[in-house]
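Input: a single structure, listed below in structure tokens.
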Amino acid sequence: MTTHTIDIGTFGVWTALLDLQPTSVGRETVAELDAMGWGALWRPESTGRDPLVTAALWLDACDTMAVATGIAQTYARHPVTMNAGVRTLDEAFPGRFLLGLGVSHAPMVEGVRGLDYSRPLSDMSAYLDAMDASPYTAMGSSERPPRILAALGPKMLALSAEKADGAHPYFTTPEHTATSREIIGPDAYLAPEQMVLLETDPERARRVARANMERYLQLPNYTNNLLRLGFTDVDISSVSDRLVDAIVLWGDIDSIVARIKEHLDAGADHVCIQALVEDASKLPMDDWRRLAEALFD
């Protein structure tokens, strides 16, 4: 089965903040981000809005920007249902939707959904096979829409190149991007997420960064990856300055842009930039605009 080419530009916005805004505000924001020149808008799936429904609303609100899931949870939908949703979006908005798929985390799968999380890798492999075997009788392309996998460890990264079109690592570093490129090879798509904070005061920057990092440091998928990257249990338990400064790029706009581009030098095709905020009820519109002006100059 042939696959559509992925073309979402070099830089995208990754955010969960629009779930805290009315849908109308979200659509207005999407139109503004499109006008700024961003290639894609990424959103996660947790316990908020449905990511595929939201993708349709967002795609309808803009002209050129793509929408990507980072990620849609496999355990949330039967593979036939996921396949139908993706193909519906692909037909309605050709070349503008990218499915990011992931197994999420044990607390979400077992705690929230009451499902088994004992074999995430084999479950993902079987899920992708089931998607490919799913019947779909509505109008649409004969090509499979593009998909990438949330992947951190070497086995899931390898699977992302074998049965998908690439990987979307999250909560990681340019060093991990380089390792990921080695594992997935030269042709698979690589779109890491990168947290940034436009703040030059070290004390405030690290305080806001730690507040945003805290929930991820409770999840073994992320902490195991940090250990593989050379961080220690003490770095993780204390949320050390060393760890904060590696995961969150803070400082002036020029230094942040230079460090974002380290992902490209390490082999990334696209960087999903997450602008952190201290107050989640407020959107970082000025930060998104400043980053766009600096990146697309």
Q | About the Cα centre, charge dipole magnitude for the chain (Lys/Arg +1, Asp/Glu -1 at Cβ), debye | A | 680 debye
Q: State the answer as a single residue: which of Leu226, Ile236, Ala246 lies farthest towards the positive end of the charge dipole of segment 186-246, with beta carbon charges of +1 for Lys and Arg and -1 for Asp and Glu, about the Cα centre.
A: Ile236
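For segment 202-281, how big is Rg over Rh, using alpha carbon atoms and the Kirkwood form of Rh? Please report the intermediate quantities before stating the final value.
Numbers: Rg = 13.2 Å, Rh = 13.8 Å.
Here the Rg-to-Rh quotient is 0.96.
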Q.
Compute, for segment 142-297, the length of the dipole vector about the Cα centre, with Cβ point charges of +1 (Lys, Arg) and -1 (Asp, Glu) only. Units Debye, rounded to 20.
A. 520 debye
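What is the ratio of the Cα radius of gyration of the chain to 2.2 N^0.38 Å, where N is its residue count, to two decimals? Write out the running numbers ahead of the final one.
Values: Rg = 18.2 Å, N = 297, 2.2 N^0.38 = 19.1 Å.
The reported ratio for this selection is 0.95.
DSSP loop trypsin sites (Lys or Arg not before Pro) in segment 221-297 with at most 14 other Cβ atoms within 10 Å of their Cβ, which ones?
Numbers: sites: Arg228, Arg242, Arg259, Lys261, Lys282, Arg289, Arg290; in loops: Lys282.
For trypsin sites (Lys or Arg not before Pro) across segment 221-297 that sit outside H, G, I, E and B with at most 14 neighbouring Cβ atoms in 10 Å, the list reads Lys282.
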Q) What does the helix-only formula give at 222 nm for the chain: each DSSP H stretch with n ≥ 4 adding -39500 (n - 2.57), the total divided by the residues, and the result rounded to the nearest 500 deg cm²/dmol? A) -13000 deg cm²/dmol
Q: For segment 172-230, state which GluC sites (Glu not before Pro) are in a DSSP loop and have at most 12 other beta carbons lying within 10 Å of their beta carbon.
A: Glu214
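Just subtract the alpha-carbon distance of Glu143 and Thr200 from 0.36 nm times their residue separation and send over the number in nm, one decimal. Before the final figure, lay out the partial values.
On the way: separation 57, 0.36 × 57 = 20.52 nm, distance 4.70 nm.
My answer for the length gained is 15.8 nm.
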Q: Could you tell me which of Leu18, Val277, Ala292 has its Cα farthest along the dipole of segment 11-295 towards the positive end, charges placed at Cβ (Lys, Arg +1; Asp, Glu -1), taken about the Cα centre?
A: Leu18
Q | segment 97-140-segment 237-297 distance, computed between alpha-carbon centres (Å) | A | 29 Å
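Rank-order 204-210, 37-43 by packing density, defined as the average count of other C-beta atoms within 10 Å over each peptide's residues, highest first.
On the way: 204-210: 18.3, 37-43: 23.9.
Highest to lowest by the protection proxy: 37-43, 204-210.
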Q) At what distance in angstrom do the alpha carbon centres of segment 141-185 and segment 38-84 lie from each other? A) 18 Å
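Could you work out how much longer the chain between Ser122 and Asp252 gets when fully extended? Use 0.36 nm per residue separation minus the Cα distance between them, nm to one decimal. Kindly include the intermediate steps, with their values, before the conclusion.
Numbers: separation 130, 0.36 × 130 = 46.80 nm, distance 4.31 nm.
Working it through step by step, the gained length comes to 42.5 nm.
No value in this document is a laboratory result; all are computed from the given coordinates. As the structure is a prediction and not an experimental result, all values here were calculated from the model. Glycine also receives a Cβ, built like all others from the backbone with ideal geometry; neighbour counts cover every protein chain displayed.
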